[in-house]
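Reviewing the structure listed below.
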Amino acid sequence: MKSVRIGAGLGFYGDSWRPVRASVESGNVQYIASDHLAELTLAILQKDRQKDPSAGYTRDVVPMLLELWPLAAERGVKFVMNAGGLNPHGARDAVARAFKEKGYTAKIAVVTGDSISERIDELQAGGETLAHLDTAADIATVRDRIVFANAYLGAAPIAEALAQGADIVITGRVADAALSLGPIMHELGWRWDDWEKLAQGLTVGHLLECSGQATGGNFGSAGEWAKVQNFVGLGYPIAEVSEDGTAVVTKAPGTGGRVTFDTLRQQLLYEVHNPHAYYSPDVVLDMGTLNFDDRGNDSVRITGATGAKRPDTLKVVAGYHDGWMGTGMIGFSWPDAYLKCETAVNIIKGLMEERGWKPDEINAEYIGYNSLLGANADPAQRDNLNECFIRMTIRTTDKRMADGFGRLFPWLGLSGPPYVGGFKGVQGAKELLGLWPTLVRREAIEPRVAIDVEAIA
C-alpha cells in the first residue's frame, strides 16, 4: 500500500532546526513540514517590513535551508514551509541568492493570494462584512489603522505546487496543518471531498505542527515531564500516512523524547476549542472518533478520524496599529521582596500622576510571585520570597509617554526601597498591533491564489 512519510519542521519562528537534521538523516522522511508562523508572528513580520520593505518573511528560512538542503537534496527530501509570512517572494529571493552563492540547485515554489490588505474595500463592496469574529464589531472601528490582513489558505495550492515539481514550497499564511496535508494529498491522491481521509490527514498535520510538543517537549505536569529522556537530543515527530488513511507517528531512531498515547493526546487537544468540530480550510474534524493505539517503542497508530464538509468561509486575521507600550522592570531581594516591589509600583504611579500621565492601561506583574500564575498565585508564598521583580507596562496612544515611562525606574536605585538588583535598563516605546479575526467567503479569496515555480540553478 502506498504511503508518505513526513517529518515536522519548526513549530514557530525561532524554533530549532537541529532535530530536523536527524529526521532527514535517519528518519527516512520524504517531506519536512515546517510551521514558522504563530498567530502573532505576522505582527512581528509587519514591524520588520515597516523598517525594510524587502523583509516581512521569517529570516530563519535562509540559514535553515543552507544547513539542511544539501542533506535533503541527496535524499530527495522536500520542504513545505510557511516562512514567506507577509512576503513569500522576498523569502524565495533571499533563499535563491543564498543558494546561488553556495551552488545549490532547487525548484522553489511560492504560494500567494492570502493577503487581502489591499482588497478590503473591494471585499466589502462585494458583500463581506469583515465583522470581528468574536465580538461582531464593525471593522470601521479599526479600518484606517490596518497594516496587514491575511486569509488562512488550505492544502490545495501546496499540493498543486508539488505537482508542478517544486522541491521547496514557500507559502504565506496557510493553516498550520495544511503544511502536512498538502504533501499527503499530492502523494496519495485522495479526493478533495473524501472528508474521512482528509480528517485523518488533518489529524496528522495537527500532531506535527508544533515540533517537539508531540515528542515530550512542554509535556505534562506533576513530575511526568521529568520522565522524558534526553531533552538535549529531543527528536521531532514523524508521521507515515498510508493510502487508506492509517497513520503511524514516531520519531527518528536514537533521538530523545518519547512518542506515546499521552504525548500525542496532549498535542491533539492543543489550541482546540471544540474537539468534535475542529475547523480547517479543508475539512472539519471530529476528534471524538479517533483511536490512538500506543504500540510501544515510540510508535502510535492512528485511525478513526471523522470528517465533515469544509466550511464555506476562510478565517482572516488582520493586524492594526493599537497604540504604544512603555515598559519598566526592577528587582528586589529578601527580606520583604514583594512589599518592596509593591512600594515601587506605588512610587511609579505617583510619578505618573505628578506628570499628568493617564495611559489607557497599566499592568504590573510580580515576577517570582504571579507573573505566570496570575490570580491563581498562592498568597501564602507572597511575603517570604527570596527575590521579586516588578515588570510594569502601560498602553497609550501617546508615543512620548511610552518612551518616557522606562525612565521613571532608574531613580529607584538610590531613592526607593533597599537592595535593588536586576534593573533592565531604559526601554523605549514599542508599537502595539492588535489582531482582528474575521471570516470571508472562500470564493472571494481562492480565485486569487497563485503558484509561481522557479528553478534555482
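The values are calculated or read from the model by the stated rules, or taken from the named source; none is laboratory data. Since we're looking at a predicted model, the values are computed, not measured. Positions of Cβ are backbone-derived with ideal geometry, glycine not excepted, and every protein chain shown enters the neighbour counts. SASA here: full protein model, heavy atoms, side chains in, ligands and nucleic acids out. Shrake-Rupley method; radii C 1.70, N 1.55, O 1.52, S 1.80 Å.
Reported count of residues in segment 18-27, each being open to solvent by 10 Å² or more (accessible area, probe 1.4 Å), out of contact with any Phe, Trp or Tyr (no Cβ under 7 Å at 6 or more places or on another chain) and in contact (Cβ under 8 Å) with a residue 24 or more places away in the chain, is 4. Of the residues making up segment 18-55, those that are more than 15 Å from the chain's Cα centre (by Cα) and part of a loop (DSSP other than H, G, I, E, B) are 27, 28, 29, 30, 52, 53, 54, 55. Checking each residue in segment 170-189 for being open to solvent by 10 Å² or more (accessible area, probe 1.4 Å) and touching a Pro at 6+ places or on another chain (Cβ under 9 Å) picks out only 175.
One line per residue, one yes/no per condition, for (1) without any contact (Cβ under 8 Å) to a residue 60 or more places away in the chain; (2) in contact with a strand residue (DSSP E or B) (Cβ under 6 Å, 6 or more places away or on another chain); (3) of a type outside the set (Lys, Arg); (4) surrounded by 16 or more Cβ atoms within 10 Å (Cβ to Cβ):
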{"position": "368", "(1), (2), (3), (4)": "yes, yes, yes, yes"}
{"position": "371", "(1), (2), (3), (4)": "yes, yes, yes, no"}
{"position": "380", "(1), (2), (3), (4)": "yes, no, yes, no"}
{"position": "386", "(1), (2), (3), (4)": "yes, no, yes, no"}
{"position": "402", "(1), (2), (3), (4)": "no, yes, yes, yes"}
{"position": "424", "(1), (2), (3), (4)": "no, yes, no, no"}
{"position": "446", "(1), (2), (3), (4)": "no, no, yes, yes"}
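Within segment 335-364, no residue that is without any contact (Cβ under 8 Å) to a residue 24 or more places away in the chain sits with its Cβ atom under 6 Å from a residue that is assigned to a loop (DSSP other than H, G, I, E, B) and buried (at least 16 other Cβ atoms within 10 Å of the Cβ) at 6+ positions apart or across chains. Can you name the residue in segment 98-118 that is without any contact (Cβ under 8 Å) to a residue 60 or more places away in the chain and under 26 Å from the mean Cα position of the chain (by Cα) and, of all such residues, is most open to solvent (accessible area, probe 1.4 Å)? Once the filter is applied, the top-ranked residue is 118.
Exactly one residue out of 228, 241, 259, 283 is without any contact (Cβ under 8 Å) to a residue 60 or more places away in the chain, touching a strand residue (DSSP E or B) at 6+ places or on another chain (Cβ under 6 Å) and either among the aliphatic types (A, V, I, L, M) or under 21 Å from residue 197 (Cβ atoms) (or both): that is 259.
Can you report the number of residues in segment 355-366 which are open to solvent by 40 Å² or more (accessible area, probe 1.4 Å), assigned to a strand (DSSP E or B) and not charged (D, E, K, R)? Number of matching residues: 2. Here residue 282 does not qualify as among the charged types (D, E, K, R), open to solvent by 20 Å² or more (accessible area, probe 1.4 Å) and more than 26 Å from residue 428 (Cα to Cα).
Checked against (1) among the polar types (S, T, N, Q); (2) out of contact with any strand residue (DSSP E or B) (no Cβ under 7 Å at 6 or more places or on another chain); (3) touching a residue at least 12 places away in the same chain (Cβ under 8 Å), residue 393 passes all but a single condition, namely (2).
Identification of strands (runs of 3 or more DSSP E) wholly contained in segment 271-354 with 1 or more residues that are farther than 30 Å from residue 173 by Cβ yields 291-294, 300-303, 313-333.
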